[in-house]
Amino acid sequence: MRAAIVDTGPLVAFLDRAEQHHRWEAERVEELDTPLLVCEPVLAESMHLPARFARAQQALFRLRDNGALKIAFHIEEHVPALRKLHQKYRDRPMSLADACIVRMAEIYDRHAVLMLDSDFSVYRKRGSIPKTKSQRC
């Protein structure tokens with residue numbers, strides 16, 4: 001078992017049984033220790049994307065309430081580092097959620113990063129590739 005930082009894609013895929021990566025992500029989540037770490041932007045995106053499914057939104061609240069998800073990163077404490085990441089990757093659009101995930105990978109350096117998005121093949125933590133548990137593009 002291993003601890004992980006989770007991006008929006010895997011959370012949405014985990015919650016939405018109709019999502020093409022649902023079963024694959026559910027299997028990955030079963031392999032990980034809890035709590036899965038998230039940042040505020042990932043939680044916001046994860047609440048917004050399945051907005052038409054009230055059950056998915058409630059499931060996210062339950063995962064946080066029961067300790068399966070932990071908001072382990074607060075933007076306010078990392079603005080200078082996030083600003084540097086946005087400057088470093090100014091040639092490609094970097095979402096705030098992605099910048100937070102990269103910064104979290106620097107802080108929680110023994111955690112895997114669970115994501116679906118191919119941008120993480122470009123982003124680097126302190127110049128190196130974040131350790132990823134799953135990347136499905």
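If the chain linking residue 44 and residue 76 were pulled fully straight, counting 0.36 nm for each residue of separation and taking away their Cα-Cα distance, it would gain 10.0 nm. Ranking 21, 74 by solvent-accessible area of protein heavy atoms (1.4 Å probe, all protein chains present), from largest to smallest, gives 74, 21. Solvent-accessible surface of the range 1-92, taken per residue with a 1.4 Å probe and all protein chains present: 61 Å². For residue 98, the solvent-accessible surface with a 1.4 Å probe is about 10 Å², rounded to the nearest 10. Taking 0.36 nm per residue of sequence separation and removing the Cα-Cα distance, the residue 84/residue 58 pair yields an extension gain of 5.9 nm. Once the Cα-Cα distance is subtracted from the 0.36 nm per residue extended length, the residue 24 to residue 65 segment shows a gain of 12.3 nm. Annotation: Cα Rg of the range 1-48 relative to the compact-globule expectation 2.2 N^0.38 Å equals 1.09.
Whenever you get a sec, compute what percent of the accessible area on the range 1-77 sits on carbon and sulfur atoms (1.4 Å probe). So the carbon and sulfur contribution to the accessible surface is 50 percent.
The values are calculated or read from the model by the stated rules, or taken from the named source; none is laboratory data. All figures in this text were calculated on a predicted structure; none of them were measured in a lab. With ligands, DNA and RNA removed, areas are computed over all heavy atoms of the protein, side chains included. Shrake-Rupley method; radii C 1.70, N 1.55, O 1.52, S 1.80 Å.
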